[in-house]
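Here's the structure, in C-alpha cells; my notes come after.
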Amino acid sequence: MSAKLIKGTEIREQILEEITAEVAEIKEKYGKVPGLVTILVGENPASISYVTLKIKTAHRVGFHEIQDTQSVDISEDDLLALIDKYNNDDSINGILVQLPLPKQINEKKILNAIDPDKDVDGFHPINVGRLMIGGDEVKFPPCTPAGIQEMIVRAGVETKGAEVVVVGRSNIVGKPIANMMLQKGVGANSTVTVVHTGTKDLAGHCKRADILIVAAGVPGLVKPEWIKPGACVIDVGVNRVGEKISEKTGKKIAILKGDVDFDAAKEIAGSITPVPGGVGPMTITMLMLNTLRAIKFKLGIN
Ligand code: NAD
C-alpha cells in the first residue's frame, strides 16, 4: 500500500486564500486590517529568513505588517519598552518576537511582557492555560500544533476515539498537540499517549497509534515496523542531515530529513506528511490565522 500524502504546501495555499478573503471582508466592513509586527534582534541568518517569510506572507494576505529590526546589543529594558509600545498600538493585533534572543536578554521575561491578547505565537502562560482549559477559552493555539491539527482535519482523518501517540514533550510541539487532541470537539476527542526519552517501550506505544505525531528531532527515529498499517503519520521533525546544490538556484541548500523513515513508512501508513513540504509550511500559515483571530476578537466578530 502507498500512503496518501498530506501536503502542507497545498493546505497552506487553501488557508491563505481563505484568510485573504476574510481580511478583504473585514476591511470593507470595518475599515481595518489585521496588523502584525515581527521583532528581530540581531542578524542571525536563520532568524532573518524566518522573519522575512512571515512578513512576506503577512503582506500577501493583506495585513498591515511591520518588520522591526533591533541591534544585537539592545538592552532588556529597551526591548521591554518596545514591546510596551506595540502592546499599546491599536493598529497592531499580533506581536511576534523571533527567537532565540541574545544572551543579555531573558527570553521568558520578554515573552511574558507581550499582551496575551496580541500573543499570536500562543507562548504566553495565560494562553498556555487557556489552551489547557480548551473550548471557548482558547485564543491562540500555538502555531505548529495548530497546523498539525488542521492537517489531520483537512486530510479527513477520524480523530474521535482514535489512539493518538505523540513522540516528544516539548512546550512548543509535544505538550500542546497532546493537549489539543484530548479536548472535546472537532479534530480532537482522541485518546492520547505521550512518549519521550523516559519511555520504556517506544515501539510498543507507537504500534498502537491510529494517529502518530512525531516531534523528537531525531532523524529516522520511527521505524516502519513501529507503524500500524493504515495509520496517519505526522512527521514534525526537521533535521539537517547534509547539504546539496539546489537544481533551481544553483546555491547550497540543506538536505532535510524527518523523524520518520519516510520511504519505508509510506508503504505501511494510510496517510503521511513529507519532509520537507509537510508540517513546515503550516506554522507560518497558522501565525497568519492567529493574527486574523486577534483582530476578530477585538472587533467582536465570531
Ligand atoms: P525538543 O528538542 O524541544 O523536544 C524533543 C522531544 O522529543 C523531547 O521531549 C524528547 O524527550 C523527545 N525525544 C528526543 N529523542 C527521543 C528519543 N530518542 N526517544 C523518545 N523521545 C525522544 O524539540 P521540538 O522543538 O519539539 O522539535 C522537534 C522536531 O520538530 C525538531 O526536528 C524540530 O526542528 C521540528 N520542528 C518543526 C517545526 C515546523 O516544521 N514548523 C516546528 C517546531 C519544531
Checklist entry - Can you pull out the residues in region 228-252 that are open to solvent by 30 Å² or more (accessible area, probe 1.4 Å) and away from the ligand (no atom under 16 Å from the Cβ)? => result LYS228, PRO229, GLY230, GLU243, LYS244, ILE245, GLU247, LYS248, THR249, GLY250, LYS251, LYS252
Next on the checklist: It is to be established whether one or more residues within region 10-32 are in a loop (DSSP other than H, G, I, E, B) and open to solvent by less than 60 Å² (accessible area, probe 1.4 Å).
Outcome noted: no
Checklist entry - Which members of region 153-192 meet the condition of being touching a His at 6+ places or on another chain (Cβ under 9 Å) and either part of a helix (DSSP H, G or I) or open to solvent by 60 Å² or more (accessible area, probe 1.4 Å) (or both)? => result ARG169, GLY174
Checklist outcome for this item: Note on LEU53: of the conditions (1) in a loop (DSSP other than H, G, I, E, B); (2) touching a residue at least 60 places away in the same chain (Cβ under 8 Å); (3) under 23 Å from ILE148 (Cβ atoms), unmet is (1)
Checklist entry - Does PRO100 satisfy being touching a residue at least 24 places away in the same chain (Cβ under 8 Å), within 16 Å of the ligand (Cβ to nearest atom) and crowded, with 19+ Cβ neighbours inside 10 Å? => result no
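What are the residues in region 193-214 that are more than 16 Å from the ligand (Cβ to nearest atom) and open to solvent by 20 Å² or more (accessible area, probe 1.4 Å), if any? Working first, answer last.
Taking region 193-214 as the starting set, the residues that turn out to be more than 16 Å from the ligand (Cβ to nearest atom) are 210-211.
The answer is ASP210, and nothing else.
Kindly establish whether THR273 is among the polar types (S, T, N, Q), under 30 Å from GLU22 (Cα atoms) and within 16 Å of the ligand (Cβ to nearest atom). First the steps, then the outcome.
Working: among the polar types (S, T, N, Q): yes; under 30 Å from GLU22 (Cα atoms): yes; within 16 Å of the ligand (Cβ to nearest atom): yes.
Against the criterion (among the polar types (S, T, N, Q), under 30 Å from GLU22 (Cα atoms) and within 16 Å of the ligand (Cβ to nearest atom)), THR273 qualifies.
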Item to check | Inter-residue pairs, beta-carbon under 6 Å, first over 13 Å from ALA265 (Cβ atoms) and in region 191-215, second of a type in the set (A, V, I, L, M, F, W, C) and in a loop (DSSP other than H, G, I, E, B), 6+ apart | outcome: ASP210/ALA162; ASP210/ALA231; ILE211/ALA162; ALA215/VAL173; ALA215/VAL236
Checklist entry - Within region 163-190, which residues are more than 16 Å from the ligand (Cβ to nearest atom) and modelled with pLDDT of 95 or more? => result GLU163, LEU182, GLN183, LYS184, GLY187, ALA188, ASN189, SER190
Checklist outcome for this item: From the option list GLY300, GLY280, single residue qualifying as modelled with pLDDT of 95 or more, out of contact with any strand residue (DSSP E or B) (no Cβ under 8 Å at 6 or more places or on another chain) and within 14 Å of the ligand (Cβ to nearest atom) is GLY280
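If I go through region 59-75 residue by residue, how many of them are more than 20 Å from ILE19 (Cα to Cα) and out of contact with any Pro (no Cβ under 9 Å at 6 or more places or on another chain)? Write out each step before concluding.
Restricting attention to region 59-75, the residues satisfying the condition of being more than 20 Å from ILE19 (Cα to Cα) are 67-75.
Now drop any that are not out of contact with any Pro (no Cβ under 9 Å at 6 or more places or on another chain), which leaves 67-71, 75.
Count: 6.
Quick one: in region 126-140, which of the residues that are open to solvent by 20 Å² or more (accessible area, probe 1.4 Å) and closer than 18 Å to ALA294 by Cβ is nearest to the ligand (Cβ to nearest atom)?
Taking region 126-140 as the starting set, the residues that turn out to be open to solvent by 20 Å² or more (accessible area, probe 1.4 Å) are 126, 128-130, 132-133, 135-139.
Restricting the remaining residues to those that are closer than 18 Å to ALA294 by Cβ gives 126, 128-130, 136-139.
Details: ILE126: 21, VAL128: 15, GLY129: 20, ARG130: 20, ASP136: 26, GLU137: 24, VAL138: 19, LYS139: 20 Å.
Result: VAL128.
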Checklist entry - Among the residues of region 51-83, how many are over 18 Å from GLU107 (Cα atoms) and open to solvent by 50 Å² or more (accessible area, probe 1.4 Å)? => result 8
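The values are calculated or read from the model by the stated rules, or taken from the named source; none is laboratory data. Predicted model, so just to flag it, every value in this text is computed and none were measured. Reconstructed Cβ throughout: ideal geometry from the backbone, glycine too, with neighbour counts over all protein chains shown. Heavy atoms of the whole protein, side chains included, go into the accessibility calculation; ligands, DNA and RNA do not. Shrake-Rupley method; radii C 1.70, N 1.55, O 1.52, S 1.80 Å.
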